[in-house]
Amino acid sequence: MSSLRTRQPRLLFLIGLLVLSFVLTTVLAYQAQVAARSHRDIAERTLRDYAAFSAYEYGVYVKDVLSNEVSSMLFVPADFGDNTSTRPRRMPWASDSGEAHAPCTGERVDSGYFYFRVDMATGEMPLMRGCSSEAVRNWIRDTIPSHVRAYMSKSYWDYMGRVVGRVNGEPRLAAFLVQRDESGQAVSAIGFVTPFRSFAKGVFRAVHKNYPLLPPSLVGKTPNDSLISVYVSDTAGRPLYQSAVTYSSNYMGKAKLPAAYGGMIIHTALRPELAEQRLLIGGLPRSRLPLLLSLVAVSAGLVAVSVQQLRREYELGRLRSDFISSISHELRTPLAQVRMFAETLLLGRVRNEEERHRSLEIIDQEARRLTHLVENVLQFSRSERHLTRLSPEPTEIAGQVSDAIEAFAPIAQARKVSVRAELERGIIAPVDRSALRQTLLNLLDNAVKYGPNAQALTVGMTFEHGLVRLWVDDEGPGIEIAQREKIWDPFYRLDRDANSAVAGSGIGLAVVRELVTQHGGRVWVERSKSGGARFVVELPGASRATAADLSTAAHEVSAESSLL
C-alpha cells in the first residue's frame, strides 16, 4: 500500500507535466499561426499595393496618351472637306476666312466631331463645323469661358485646354486653344467636341495593351491582359471602358484622374494565381492552420494516450499489489494447515488411526491446493512473458477429464461438493495434457470457490464437426452478461467476490483463456440449466478414435500411472 501511496503523487505529477506540455504546444501553435497569418496579410497587402500601383500607372499613361491625342488633333493642319464625321485633315480655324456653317438638322443631329470658335466675352460661336445639338452648343458656351477664367492663367504657355463633361447623360470631351490679345486677355477659344467614350476607348485599350503597368523586372514579358483587368467608370459609377477579360480577385487597386480628364475612376484587379507566383518571391504563404491543428490534435491524442497508459500502469500496479496480497493470503492458509497437521503428527498428538489418516488427508489436500496455485502463478508468468510452449499430441479426452476430476476430488470433498461427469468416450484431439489438466482444474476450482457448499458440479463433453466441447456447470449465482467478457482479464474479480471473504488471485480464468487460445480453441461463459454459470471450452482437430488409438491411449495412461 505504501508503494501505491508513493506512486499516486508521481502519477499526478506526470499527468501534470503532460498537460503542461500540451498547453505549451497549443500556445506555440497559436503563435505560429499568428506569425503565418501576419506574413500572409503582409503578402496580400503587398499584392493590393501592386494593384493600386497598376491603377496609378494606368491613369498616368491614359493622361499622357489623351493629351497627345488632343494635341495632335489641335495642331495638325487639315481641310474641312465634306465629310465632317471623321477626323479632319486640317484645322478649320487656320484663318478667319470662310463662312460659318449652321448646325445640322433632320436625322443627323450630332456628328463625331463638332468644331467651334467661341467668343470669351459674349459666348457667341461665329464659326461652327459639324453637327451638334443645342444642348452641346449651350454646354460649350457655358463651360469653355468659365473654365478658361477659372483654371487658365495669362501665361503664353497656358493656351491649350481640355474639359470633360456630361451632356444629356453622355460624356463629352471639349479640346480647345485659347486666343489672347496683346495684353494676354483671352479673346476666343477654338477647338472641337466629341463623344468622350468613343474618343477614349482606343486610348484605354492601347494603354492596357502596350504600356507597362507593373515593373518588368517582376512580371517579365507577361502581357497586361494576362495579369491585370481594367474597369474605367465616371464619377457616378457608369462604365466607360472594361477590358475583355475580367478577374475576380481580392487584389484590387483604384485611382482617380483630375477633373480636366473627367474625374474618371480607374479600377484594376490582379489575376490571383499569376500575381501570387510572379509578384511574390516564393509565392503567397499558404495557410498553416490545418497543419497546426493537426499537430495540436496529434499532441492532444498523444497526451490522452500517455495519460491512459499512466492510468493503466497505475491500475496494473494496484492490481499487482492486490494480487500479491491475495496470493499471499491463499498461500498462507494451506501452508498453515500443512504445518499444523504435520506438527500434530510429529508430536504424536493424534489419538487414534482415524485422526492420523484424517491429518494426512488434509496435508495431501492442502499440498494439492498449493501445487495447483503455484502452477497457475508459473503459467501466468510464462504467459505474461510470452514463453508459453505447448506440446500437443493425440489424446483421448474423456480419460484426461476423468483424471483431472479424480485429482480434484480431495479439494471438492473439503467443501462437500460432488462432481458428476457426462463424458463421451472415444474422442481424440491434439492437446497438451498438462495444459488441459490445468485448464479443467482451474475451472473446477473456480466453481467450488465461488459456489455454495454442498453443490453439485457437472463436467460434460460433446463432439461435433471436428470440435470437442467441454463444460463445467455449477450451482452458483451465475455471471451477468455485462461481465462475462471481463472475467477473463488478469486480476479481474467481480465486485461481489472482491468484497467477500473468498480468497482469489484473479489469474485462474486468464490462464484458462491463454491455454485454450494456444490450442487454437475458444472459451466462454453462459448460463447453466441450474441458473449458475457454465464455462465452455471448445478445442479443434477432434475425431473419433479407432480401436488401435484407444489401445495406444490406454497404454500411455498405464505408463504414466506406473511412473507416478
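The values are calculated or read from the model by the stated rules, or taken from the named source; none is laboratory data. This is a predicted model, so every value here is computed, not measured. Note that we place each Cβ from the backbone using ideal geometry, even for glycine, and neighbour counts take in every protein chain shown. We work out accessible area using only protein heavy atoms, side chains counted, and drop any ligands, DNA or RNA first. Shrake-Rupley method; radii C 1.70, N 1.55, O 1.52, S 1.80 Å.
Worth a mention:
- Relative to the longest principal axis of the Cα atoms of the chain, the long axis of helix 2-75 lies at roughly 20 degrees.
- Among the chymotrypsin sites (Phe, Trp or Tyr not before Pro) in region 285-353, none is located in a DSSP loop while being surrounded by at most 13 other Cβ atoms within 10 Å of its own Cβ.
- Stretching the chain fully between Leu467 and Ala244 yields a gain of 72.1 nm (0.36 nm per residue, less the alpha carbon separation).
- For region 359-398: rounded, prolate or oblate by the Cα gyration tensor [a/c cutoff 1.5]: oblate
- Tilt relative to the chain, helix 289-346 - C-alpha long axis, 0 to 90 degrees, to 10: 10 degrees
- Whole-angstrom Cα spans of region 382-536 along principal axes, big to small: 42, 36, 29
- Here the calculated FRET efficiency for Asp64 and Ala121, from their Cβ-Cβ distance with R0 = 35 Å, stands at 0.55, rounded to the nearest 0.05.
- Ser226 accessible area, assembled protein chains, probe 1.4 Å, Å²: 40 Å²
- Additional length obtainable on full extension of the chain from Val19 to Leu274, 0.36 nm per residue less Cα span: 87.3 nm
- Compared with the alpha-carbon gap, the fully stretched path from Ile281 to Glu375 is longer by 26.5 nm at 0.36 nm per residue.
- Largest to smallest in accessible area, the residues Lys201, Lys529, Lys256 fall in the order Lys529, Lys256, Lys201 (1.4 Å probe, all protein chains included).
- Shape class of region 319-446 from the Cα gyration tensor (axes a ≥ b ≥ c, square roots of the eigenvalues): oblate, since a/c reaches 1.5 or more and a/b does not exceed b/c.
- Against the main long axis of the alpha-carbon atoms of the chain, helix 196-210 sits at an angle near 50°.
- Over the C-alpha trace of region 110-220, radius of gyration and Dmax come out as 17.1, 56 angstrom.
- Computed from the Cβ-Cβ distance with R0 of 35 Å, the FRET efficiency linking Ala35 to Gln308 stands at 0.60.
- Largest-first ordering by accessible area, 1.4 Å probe, given options His208, His386, His39: His386, His39, His208
- Overall form of region 159-305 per C-alpha gyration tensor (a/c, 1.5; a/b vs b/c): prolate
- Summing charges over neighbours of Ala435, with a neighbour being any other residue whose Cβ is under 13 Å away from its Cβ, gives +1 when K and R count +1 and D and E count -1.
- Arg10 contributes about 130 Å² of solvent-accessible surface, heavy atoms of the protein only, 1.4 Å probe.
- Average accessible surface for region 282-434: 63 Å² per residue, computed with a 1.4 Å probe over protein heavy atoms with every protein chain in place.
- Taken over the alpha carbons of the chain as equal point scatterers, the Debye sum produces base-10 log I(q)/I(0) values at 0.08, 0.09, 0.12 Å⁻¹ of -0.75, -0.85, -1.13.
- Solvent-accessible surface (1.4 angstrom probe) belonging to Glu353, in square angstrom, nearest 10: 120 Å²
- Accessible area in the full protein assembly, largest first, 1.4 Å probe, for Phe22, Phe53, Phe114: Phe53, Phe22, Phe114
- Pairwise label distance in nanometres, Glu355 with Asn210, each label 7 Å out on the Cα-Cβ vector: 13.4 nm
- Alpha-carbon centroids, region 379-403 and region 243-296: separation in whole Å: 77 Å
- Percent RCO, i.e. relative contact order, over the chain, from Cα pairs under 8 Å lying at least 6 residues apart: 11 percent
- Close amide-amide hydrogen proximity is noted between Arg180 and Val187, each under 5 Å apart and 5 or more residues distant or on a separate chain (H modeled in the peptide plane; Pro and chain starts excluded).
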